[in-house]
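Reviewing the structure listed below.
The values are calculated or read from the model by the stated rules, or taken from the named source; none is laboratory data. Predicted model, so just to flag it, every value in this text is computed and none were measured. Methodologically, a virtual Cβ is constructed for each residue, glycine included, from the backbone with ideal geometry; neighbour enumeration extends over all protein chains shown.
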């Protein structure tokens, strides 16, 4: 049965990742455009969220108030106002 040495596997992986990372070179002026793009996306995300909240809650508030206004003011069958002593429990 072939058992691999965990220390050897870790060493080989570390060397491979170091070689891969060593070949990556960022452009000297890459931070500013990347940050600008990130800020634009963040502003857009916030704007979309604000519009979505407005679109959902603006109609929901008057609809909810209308629904509450249309509800019957008399108590229903469950809340008939009878004291518990008068309820027949047979």
*Out of the residues in segment 1-16 that are more than 38 Å from the chain's Cα centre (by Cα) and outside any loop (DSSP other than H, G, I, E, B), state the one that is modelled with the lowest pLDDT.*
6
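Just checking, which of 26, 60, 19, 50 is surrounded by 10 or more Cβ atoms within 10 Å (Cβ to Cβ), free of Cβ contacts under 8 Å to residues at least 40 places away in the same chain and over 19 Å from the mean Cα position of the chain (by Cα)? Break it down into steps so the answer makes sense when it comes.
Working: 26 fails: surrounded by 10 or more Cβ atoms within 10 Å (Cβ to Cβ); 19 fails: surrounded by 10 or more Cβ atoms within 10 Å (Cβ to Cβ); 50 fails: over 19 Å from the mean Cα position of the chain (by Cα).
Answer to the selection: 60.
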